[in-house]
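Read-outs throughout are calculated quantities, based only on the coordinates presented, and are distinct from any laboratory measurement. Being a predicted model, the structure only gives us computed values, none of them experimental. Here the Cβ positions follow ideal geometry from the backbone for every residue, glycine too, while neighbour counts run over all protein chains shown.
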Amino acid sequence: MAGWTLEEQVGQIVMVGVKTSAPQQSSHDVVASAHVGNVFLQGRSSAGRAKVAGLVHWFTDQVAAGATHGAPMIVATDQEGGLVQTLSGDGFSTIPSALDQGRMSPAALKAASSGWGAELAAVGVTLDLAPVVDVPTAKGAATNAPIGQLGRAYGFTAADVTSHADAFTDGLATAGVAVAPKHFPGLGRVTGNTDAAAGVVDEVTDASSDQVSVFRQEVARGARFVMVGTAEYARLDPGVPAAFSSKIVDGLLRGQLGFHGVVITDDLSAAAQVEAWSPGERAVKAIEAGCDLVLASKDPSVLPAMVQALLDKARADPAFAAAVEQAARRVLAAKGVA
């Protein structure tokens, strides 16, 4: 990291949301002023390829110019299919839900997702925050608010989820688009949705869970990114949201599963599950736990407070400063810079 300022390092370990329909001034300002090196296209846009490409390249070529130490931006979005598809309109396919994708053969899904990946690459998206690899049970899906109720699971067994997540991943890879399997260590056994409810707790998942086994497979296949969720896990680290848990991130994901890539958080800007902590505390806790990239997607206005808290902590604590540098190194390695 020779030649990188602390401010530039911190900018690499955060990702700010940009509304595809009407980008907020706050997103522009924080990229330019805080060296933010990554953006997330959020909301829903039916404007089509030309408008989205223009928005992406405005951020990557103009707003970020001189702000990111010459490093390229990660441009991410949620393009799962079904109810979770950020980009639509001219130039974008209507993607079926993961549940419907799970009814396709893996070969057919790989072929289809190759086309979906090409659509993302054409507008400058480099990372799809997908596939969802959570495993609800067939009986529990109806009460599983974040995944089962929305048709976001490929199936109800680890084998079905793995085969189709791998096909989706391989299809996008043909277009050069990376993926971030989510939501570690699994949201398939909760009832509440962490975006809208606090106190979401998984009482059953442990290190031997079928949900964790899917992530183990994705890590073994060479996953470059993994998204960690914010639910609490009574059998892994009681009372601590996963994204704030060193036992879950450093101990389980990195230690037991052997993951060496970029750990990105689920949204920490507006999720009800983490509202008890200030935005700055959320960012610091995530990096302390071993995460590399703090996502502030829904409410980009909180990112300056997150950046300031990371800077203040790093200036006061050499161990935390080392964690920031390590996270920045991982992010830059994923970009092909370090």
note = With Cα springs under 10 Å, the Gaussian network model of the chain assigns the largest mean-square fluctuation among Ala276, Ala153, Ala231 to Ala276
task = May I ask you to derive the FRET efficiency for Ser208 and Ala272 from their Cβ-Cβ distance with R0 = 25 Å, giving the value to the nearest 0.05?
result = 0.25
message = Taking a ≥ b ≥ c as the square roots of the Cα gyration tensor eigenvalues, with a/c under 1.5 meaning rounded and otherwise prolate when a/b beats b/c, else oblate, which class fits segment 167-215?
response = oblate
inquiry  = Using a 7 Å offset from the Cα along the Cα-to-Cβ direction at both Arg44 and Thr143, what is the distance between the two label points in nm, to one decimal?
reply    = 2.8 nm
request  = Measure off 7 Å from each Cα along the Cα-to-Cβ vector at Trp58 and Ser105, then give the distance between these two points in nanometres to one decimal.
outcome  = 4.5 nm
message = Between (i) 6, 28, 37, 24, 5, 0; (ii) 5, 23, 30, 25, 13, 3, 0; (iii) 6, 27, 34, 23, 9, 1, 0, which entry matches P(r) over Cα pairs in 10 Å bins from 0, in percent as derived from the coordinates of this structure?
response = (i)
ask   = Here are some pairs, Lys247/Lys285; Lys139/Lys182; Lys19/Lys247; Lys182/Lys298; Lys51/Lys298; Lys247/Lys313; which of them have Cα atoms lying more than 23 Å apart in this structure?
value = Lys19/Lys247
remark   = If each part is reduced to its alpha-carbon centroid, segment 69-119 and segment 247-285 end up apart, in Å, by 25 Å
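So if R0 is 22 Å, what FRET efficiency would Ala122 and His260 give, r being the distance between their Cβ atoms, rounded to the nearest 0.05? Mind showing how you got there, number by number?
Details: r = 30 Å, r/R0 = 1.37.
Computed FRET efficiency for Ala122 and His260: 0.15.
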inquiry  = How long are the semi-axes of the equivalent ellipsoid of segment 102-247, taking √(5λ) for every eigenvalue λ of the Cα gyration tensor, in whole Å from largest down?
reply    = 26, 16, 14
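For the chain, what does the helix formula give at 222 nm: sum of -39500 (n - 2.57) over DSSP H segments with n ≥ 4, over the residue count, nearest 500 deg cm²/dmol?
Here the helix-only value at 222 nm equals -10500 deg cm²/dmol.
Expected output is a single nm value to one decimal: the length gained when fully extending between Ala173 and Glu7, i.e. 0.36 nm times separation in residues minus the C-alpha distance. What is it?
Residue separation times 0.36 nm, minus the Cα-Cα distance, leaves 56.6 nm.
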message = Can you bin every Cα-Cα distance in segment 73-150 into 10 Å intervals starting at zero and give me the percent of pairs per bin, rounded to whole numbers?
response = 17, 48, 28, 7, 0
